[in-house]
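Structure first, commentary second.
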Amino acid sequence: MNLVLFGPPGAGKGTQAKLLTDKRGLPQLSTGDMLRAAVAAGSPLGLRVKSILEKGELVPDELVIDIIGQRYDQPDCAHGAVFDGFPRTIPQAEALDTMLAARGKQIDLVLELKVDDAVLLSRVEARIKAGGVLRSDDTPETLKHRLGVYYKNTAPLLDFYRAQGKLRTLDGMAPVGAVTAAVAVILDGPTAG
Ligand code: AP5
C-alpha cells in the first residue's frame, strides 16, 4: 500500500507516519528528514538546500522528485510506503504518479490531517517552551511563512487527489491516539481502531 500523509506544517504527518511504520512496517519517506540529513552531512545537496529550508521555502521539484525516486527503489519499499511531506506541488504529484505507474503501482490513499492555523502555531510555541533541539525553521515567523507556502503551492493538491477519489480527511486536532485510531478505521474498516 502506498499512502500519502498530507497537511500543513506541524499537522502531525511525521507523528502518524512513524506509527504506521511501527504498526504496519510501511517505511516513512519524509523528504524533510532526507533534506535535513543532507544538510547535516554537508553533502552537495545539503549545501544547496540549507538556506531554502531555513527560510521555509520549497526545494526545487526536480531535487525532491529525484531523492524520493531513489529512496522508493530501496528493497524496504517493495510493499509500499508512507509518503510524508511529499508531494507538495502539482508537478511533484504528477511525477509521483508517473514513477509509481512505471513500477506497476499507484497511490492508494491520501490522508489529510486538518488542523487550524492557530493550533499549528501553538504547537510550535509549545516546542520552543519545552526547550531541546529545535529545527532551524521552527520559529513562529518561519512557521507563518511555511503556512503561506502550504496554502499557495500545496493545498491545491487536495483537489488533485479529490478528483482521483483518493482523498480522506481526518481531524488532526484530536489527540494523537484518536488520530491514529481514525487512520486505522480508514485502512482496516469500522471494527479497527
Ligand atoms: P517537513 O520536514 O516536511 O516539514 P513540514 O511539512 O513543515 O512538517 P513538520 O515536520 O513541521 O510537521 P508534521 O506535519 O510532520 O508534524 P509532526 O508530526 O512533526 O519539511 C521541512 C522543509 O523541507 C520544508 O519547509 C521545505 O523547505 C523542505 N521540503 C520538504 N519536503 C519538500 C518537498 N516535497 N518539496 C519541496 N520542499 C520540501 O508534529 C508537529 C508537532 O505537533 C510535534 O510536536 C508533535 O508532537 C505534535 N503533534 C502531532 N500530532 C498531534 C496531535 N494530534 N495533537 C497534539 N499534538 C500533536
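Report ³J(HN,Hα) in whole Hz for each residue of segment 144-151, in order, from the Karplus equation J = 6.51 cos²θ - 1.76 cosθ + 1.60 where θ = phi - 60°; Gly and Pro get x.
Taking θ as phi minus 60°, the curve returns 4, 5, 4, 5, x, 4, 4, 5 Hz for segment 144-151.
Add -39500 (n - 2.57) for each DSSP H run of 4 or more in the chain, then divide by its residues: what number comes out at 222 nm, to the nearest 500 deg cm²/dmol?
-16500 deg cm²/dmol
Per residue, how large is the accessible surface of segment 2-188? Use a 1.4 angstrom probe and give square angstrom.
Numbers: 9040 Å² over 187 residues.
Accessible surface, normalised per residue, equals 48 Å².
Highest first, please rank the peptides 43-50, 72-79 by the mean number of other Cβ atoms sitting within 10 Å of their residues. Don't jump to the answer; show the numbers that get you there.
Working: 43-50: 15.0, 72-79: 12.8.
Per-residue mean Cβ counts within 10 Å order the peptides as 43-50, 72-79.
Residue separation times 0.36 nm, minus the C-alpha to C-alpha distance between A155 and D61: what's the value? Let's see the in-between values first.
Working: separation 94, 0.36 × 94 = 33.84 nm, distance 1.58 nm.
Stretched fully, the A155-D61 segment lengthens by 32.3 nm.
Please enumerate, by chain and number, the aspartates and glutamates with C-alpha under 19 Å from the C-alpha of K50, excluding those fewer than 8 residues away in the same chain.
Once the sequence-local aspartates and glutamates are set aside, what remains near K50 is D33, D61, E62, D66, D137, D138, E141.
For the pair A37 and I186, what calculated FRET efficiency results from E = 1/(1 + (r/R0)^6), where r is the Cβ-Cβ distance and R0 = 30 Å, to the nearest 0.05?
On the way: r = 30 Å, r/R0 = 1.00.
It comes out at approximately 0.50.
For the chain, modelled as a GNM with alpha-carbon contacts under 10 angstrom, which of I90, I107, I128 fluctuates the most?
I128
If I take every Cα pair under 8 Å that is 6 or more residues apart in the chain, average their sequence separation and divide by the length, what percent do I get for the relative contact order? Provide the component values of the computation, followed by the final result.
Values: 255 pairs, mean separation 59.5, N = 193.
That works out to 31 percent.
Which ³J(HN,Hα) values, rounded to whole Hz and listed in residue order, are derived for segment 181-189 from phi using the Karplus coefficients 6.51, -1.76 and 1.60 in 6.51 cos²θ - 1.76 cosθ + 1.60 with θ = phi - 60°, glycine and proline given as x?
Listing the rounded values in order: 5, 5, 5, 4, 5, 5, 7, 10, x Hz.
What is the distance in Å between the Cα centroid of segment 155-193 and that of segment 1-68?
Measuring centre to centre over Cα atoms gives 20 Å.
Could you go through segment 156-168 in sequence order and give the Karplus-derived ³J(HN,Hα) for each residue, using 6.51 cos²θ - 1.76 cosθ + 1.60 with θ = phi - 60°, rounded to whole Hz, and x for Gly and Pro?
Listing the rounded values in order: x, 5, 4, 5, 4, 7, 4, 5, 7, x, 10, 8, 10 Hz.
Quick check: at a probe of 1.4 Å, how many percent of the accessible area of the chain sits on carbon and sulfur atoms?
Numbers: 5410 of 9520 Å².
Summing carbon and sulfur atoms, their accessible area is 57 percent of the total for the chain.
The values are calculated or read from the model by the stated rules, or taken from the named source; none is laboratory data. Everything numeric here is computed off the predicted structure, so don't read it as measured data. Backbone-built Cβ (ideal geometry, glycine too); neighbour counts: all protein chains shown. Side chains are part of the model used for accessible areas, which takes the heavy atoms of the whole protein and leaves out ligands, DNA and RNA. Shrake-Rupley method; radii C 1.70, N 1.55, O 1.52, S 1.80 Å.
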